[in-house]
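The values are calculated or read from the model by the stated rules, or taken from the named source; none is laboratory data. Here the structure is a predicted model, which means the values were calculated and not measured. Here the Cβ is made from the backbone with ideal geometry for all residues, glycine too, and neighbour counts use every protein chain on show. When the accessible area is computed, the model is the full protein with side chains, heavy atoms only, and any ligands, DNA or RNA have been set aside. Shrake-Rupley method; radii C 1.70, N 1.55, O 1.52, S 1.80 Å.
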Amino acid sequence: MEFFVCPCPATGNVILDGVDQGPNKDSAGVLQPKQCSAGRHTVSLRCPAGKNCTPSQVAVVIRDTDPIAPQEVAFQCV
C-alpha cells in the first residue's frame, strides 16, 4: 500500500479516482494519510461550501511511500 496527504489551508474531502476518501484533516487539524495502490491516480479535494480548490484535480504517480512519509498532493482553497 501507498500513502498520501492533501495539505490545504481548509479541511475538505479527498477524492481519489472518483471515490470519496473522507476529510484531509482530523478535528484537530492534523493531516490524515490516505491509502492507495501504487501507480497513477487522479486526486481532487472538495473544499467547504463557497470555496473552490485549485488545482481542481491532480494526476499523480504515488509510490515508495509509507504512513510516516506520505506523498504530498497540495491544494489551495480560494
Checklist entry - Name the pairs: first residue in region 57-78 and touching a residue at least 24 places away in the same chain (Cβ under 8 Å), second residue among the aromatic types (F, W, Y) and open to solvent by less than 20 Å² (accessible area, probe 1.4 Å), Cβ to Cβ under 6 Å, at least 6 apart or on different chains? => result I62/F4; P70/F4; Q71/F4; V73/F4
Next on the checklist: Looking at region 66-78 only, could you name the residues that are open to solvent by 60 Å² or more (accessible area, probe 1.4 Å) and of a type in the set (S, T, N, Q)?
Outcome noted: Q76
Checklist outcome for this item: Across region 14-65, the tally of residues that are assigned to a strand (DSSP E or B) and either at pLDDT 95 or above or open to solvent by 70 Å² or more (accessible area, probe 1.4 Å) (or both) stands at 26
Item to check | For A10: the one exception among (1) in a loop (DSSP other than H, G, I, E, B); (2) open to solvent by 60 Å² or more (accessible area, probe 1.4 Å); (3) of a type in the set (A, V, I, L, M) | outcome: (2)
Next on the checklist: I'm trying to understand the selection: among the residues of region 66-78, which are within 15 Å of V5 (Cβ to Cβ) and not in a strand (DSSP E or B)?
Outcome noted: D66, P67, I68, A69, P70, V73, A74, F75
